[in-house]
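Working notes for the structure below.
The values are calculated or read from the model by the stated rules, or taken from the named source; none is laboratory data. Keep in mind that what you see is a predicted model, and the values were worked out from it rather than measured. Don't worry about glycine lacking a Cβ; one is built from the backbone with ideal geometry, like all the others, and counts go over all protein chains shown. SASA here: full protein model, heavy atoms, side chains in, ligands and nucleic acids out. Shrake-Rupley method; radii C 1.70, N 1.55, O 1.52, S 1.80 Å.
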Amino acid sequence: MNDLEGYIHRQFSKYKHKKEINEFRDEVLVNLQARIDDEMAQGKSQQGAFNIAVKSLGNVDLLMDGHQEVERNRFRRGAAQLAVLYALIPWIITIPLRFFHPGVLANTGWTLLLFIAGVVYLYFLYQTGSGETTQVINVGRLRNVTTVIWVLWTIYVFLSTCFTLGTWFASDIWFHLSIQIIGPYMFASFVVSVVLPFISVFIPLYFVKIQHLLQEQKGSV
Amino acid sequence: MTKERNLVIIVLLIIGVAALCVVEFGFKANIRHQEQQYALAQLNPQTNDFSNIVKFKNPYVGDNGNDVNLNANLPFANVPHTFSIDDTTRELDVLYTKSEQDLGMATSQFQASLVYNATANFAMIDNLNEITLKFPGASYHVTRAQVLSWYGVAPTQLTNKSSWKRDVQSKLSNLKYVSDAFRAFFGRF
């Protein structure tokens, strides 16, 4: 394996060895070799020709499908800002639920999340740009992560709802006690227990919004 | 877009903080205050909530958990106490750890509380024969027969809201009634 082959292998090492990626990698290798030969024919040294060819290749990630280059700080700022917004809304929604114990827990959790998101946002907001100014985002991978989060969220909501309904009503099966919701407070307490897990929908929605953010920033680099 | 979102964040943050203050320092503070008032009212025989004690109506004095819960909702509930049950005589002793002087209550209020607690225990525990309310330096003993004799009906017949209010609670505002009932119950002046 010569220097060029080694360089190309390193650049493609993070990608899976799929047939189309291997073909693409070989195509890049052939093109670069041709470029080196061409530069050397024009009198460049081997190292000089290699450097020119590698420079002309640019960022390999951007050549792959489903990748997008963004301004690093701007993207991070935007993502952190969205995190603040998407923690702020459920935080406000859960404030009236603080009359109930699960509501206090949920609201405290969102408060914590909001605080962390706020600190991160302020950090990025006042961070002065240094080093690498762009970043390549694997959009396809982000889409997959979002799908996984939606699946996990659906499972969580399903299990929570089953658990809540079970604890409220299924004891009737074992203990032969009739189902009783006495008074509006008890009814509200039941409704809060059922509704609370659904408020976490803002977590998968955040990841969807991040994809929109990428669309917004597309072509800005 | 960033500036608009920042504006939205600031507005939402203000709304959230205001809502949190209203909930925590307005509504919930008010609820806490009402709960404290309610808890205090339970220590007064005239304002003790009948619906809160009738939940502990039970046929047996041997149900220790029920005895504990019943007395935890009666006057003197705030005074640390333990129980002693004699199954053969079906007698319940409630042993309080503070004396009448330590409690700092007016004598009439103390006597009314004793009368009320004894009545409540006989009314709610069907097979209770005798009860002794013991304080350091003094103990107050009364039997079911004495209570029946005072009210003219079996104590268990007092366990509906209107009878309880009419025949037990409302009369305890009369100092002479309290004094007479105390004497009839515990044989003291």
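Between helix B:2-21 and chain B, what is the angle of the helix's C-alpha long axis to the longest principal axis, kept within 0 to 90° and rounded to the nearest 10?
Taking the Cα atoms of chain B, the angle to B:2-21 is about 20 degrees.
Can you give the relative contact order of chain A as a percent, counting alpha carbon pairs under 8 Å and 6+ residues apart?
Working: 168 pairs, mean separation 56.6, N = 221.
It comes to 26 percent, rounded to a whole number.
With a 1.4 Å probe, how much accessible area is buried between chains B and A, both sides summed, in Å² to the nearest hundred?
Working: alone 10360 and 14260 Å², together 23160 Å².
That pair hides around 1500 Å² of surface in total.
Leaving out ligands, DNA and RNA, what percent of the accessible area of the protein assembly as shown is carbon and sulfur, probe 1.4 Å? Each step should come with its number before you reach the end.
On the way: 14050 of 23160 Å².
Exposed carbon and sulfur together represent 61 percent of the surface.
Could you give each residue of the stretch A:137-144 its phi-based ³J(HN,Hα) in whole Hz, using Karplus coefficients 6.51, -1.76, 1.60 with θ = phi - 60°, and x for Gly or Pro?
Going residue by residue, I get 9, 7, 5, x, 5, 4, 4, 5 Hz, with x marking Gly and Pro.
Using alpha carbon centroids, what distance separates the stretch A:42-86 and the stretch A:182-221, in Å?
One Cα centre to the other: 33 Å.
Mind checking which of A:A188, A:A80, A:A41 has the largest fluctuation in a GNM of chain A, springs on alpha carbons under 10 Å?
Maximum among the listed residues: A:A41.
Take chain A, connect every pair of alpha-carbon atoms lying under 10 Å apart with a spring to form a Gaussian network, then pick out the residue of A:I95, A:I36, A:I116 with the largest mean-square fluctuation.
In this elastic network of chain A, the residue with the biggest mean-square fluctuation among A:I95, A:I36, A:I116 is A:I36.
Relative to the Cα centre, what is the charge dipole magnitude of chain A, using +1 at the beta carbon of each Lys and Arg, -1 at the beta carbon of each Asp and Glu, and rounding to the nearest 20 debye?
On the way: 18 positive and 16 negative charges, 115 e Å.
So the magnitude is around 560 debye.
With +1 on the Cβ of every Lys and Arg and -1 on the Cβ of every Asp and Glu, and nothing else charged, how large is the dipole of the stretch B:1-73 about its Cα centre, in debye rounded to the nearest 20?
Numbers: 6 positive and 6 negative charges, 64 e Å.
The calculated dipole for the stretch B:1-73 is roughly 300 debye.
Give the average, rounded to an integer, of partner chain Cβ atoms located within 10 angstrom of each Cβ in B:17-29. Write out the running numbers ahead of the final one.
Numbers: counts 2, 1, 6, 7, 1, 2, 7, 2, 0, 0, 3, 3, 0.
The mean count of partner-chain Cβ atoms within 10 Å per residue comes to 3.
Which whole-number value in Å² is the accessible area per residue of chain A, probe 1.4 Å? Write down the numbers at each step before the final one.
Working: 13500 Å² over 221 residues.
Normalised by residue count, the accessible surface of chain A is 61 Å².
Just want the answer: with Cβ charges of +1 for Lys and Arg and -1 for Asp and Glu, which residue in A:A79, B:S113, A:Q217 is farthest toward the dipole's positive end in the protein assembly as shown?
B:S113
Counting only other residues whose beta carbon sits under 13 Å from that of B:E91, what net charge do I get with K and R as +1, D and E as -1?
On the way: positive: B:R90, B:K134, B:R144; negative: B:D67, B:D86, B:D87, B:D93, B:E130.
Charge balance in the 13 Å sphere: -2.
Show me the ranking of peptides B:127-135, B:74-82 by mean Cβ neighbours inside 10 Å, starting with the highest. It would help to have the intermediate numbers written out before the result.
Working: B:127-135: 19.4, B:74-82: 17.2.
Ranked by mean Cβ neighbours within 10 Å, highest first: B:127-135, B:74-82.
Name the residue, out of B:A118, B:A72, B:A18, whose mean-square fluctuation peaks in a Gaussian network model built on chain B with Cα pairs under 10 Å.
Per the Cα network of chain B with a 10 Å cutoff, B:A18 tops the list.
Using only the alpha-carbon atoms, how far is helix A:3-12 inclined from the longest principal axis of chain A? Give it as 0 to 90 degrees, nearest 10.
20 degrees
What lysines does B:K98 reach when the alpha-carbon gap must be under 18 Å and sequence neighbours fewer than 8 apart in one chain are set aside?
The reachable lysines, counting only those whose Cα sits under 18 Å from B:K98, are B:K134.
Step through the residues of the stretch B:36-53 one at a time and calculate ³J(HN,Hα) from phi using the Karplus curve (6.51 cos²θ - 1.76 cosθ + 1.60, θ = phi - 60°), rounding each to whole Hz and writing x for Gly and Pro.
5, 5, 5, 4, 5, 4, 5, 7, 9, x, 7, 10, 4, 7, 4, 4, 7, 9
Tell me which of A:H176, A:V194, A:V28 sits at the most positive position along the dipole axis of the protein assembly as shown, charges placed on C-beta atoms (Lys, Arg +1; Asp, Glu -1).
Ranked along the dipole, the leading option is A:V194.
Charges at C-beta only: +1 for Lys and Arg, -1 for Asp and Glu. How large is the resulting dipole of the stretch A:27-109 about its Cα centre, in Debye rounded to 20?
On the way: 8 positive and 8 negative charges, 132 e Å.
Computed about the Cα centre, the dipole is about 640 debye.
Each residue of the stretch B:137-154 in order: what ³J(HN,Hα) in whole Hz does its phi give by Karplus 6.51 cos²θ - 1.76 cosθ + 1.60, θ = phi - 60°, with x for Gly and Pro?
In residue order, the calculated couplings are x, 7, 9, 10, 10, 8, 10, 4, 4, 5, 5, 4, 4, 5, 7, x, 9, 4 Hz.
Where both residues lie in the protein assembly as shown, what percent of DSSP beta bridges are antiparallel, nearest 5? Mind dumping the intermediate values first?
Working: 17 of 23 bridges.
Antiparallel bridges: around 75 percent, rounded to the nearest 5.
Using the alpha-carbon atoms, what tilt in degrees (0 to 90, nearest 10) does helix B:107-124 show relative to the longest principal axis of chain B?
90 degrees
Relative contact order of chain B: what whole-number percent is it, with Cα pairs under 8 angstrom and at least 6 residues apart? All intermediate terms of the calculation are to be shown ahead of the outcome.
Numbers: 230 pairs, mean separation 36.5, N = 189.
About 19 percent, as a whole number.
Ordering A:W110, B:W164, A:W174 by how much accessible area each has at a 1.4 Å probe, largest first, what is the list?
On the way: A:W110 25, B:W164 0, A:W174 175 Å².
If we order A:W110, B:W164, A:W174 from most to least accessible, we get A:W174, A:W110, B:W164.
Which of B:L92, B:I9, B:L43 sits farthest toward the positive end of the charge dipole of chain B, with +1 on the Cβ of Lys and Arg and -1 on the Cβ of Asp and Glu?
B:I9
With an 8 Å Cα cut-off and a minimum separation of 6 or more residues, compute the relative contact order for the stretch A:1-73 in percent. Please report the intermediate quantities before stating the final value.
On the way: 27 pairs, mean separation 18.7, N = 73.
Normalised by residue count, the contact order of the stretch A:1-73 is 26 percent.
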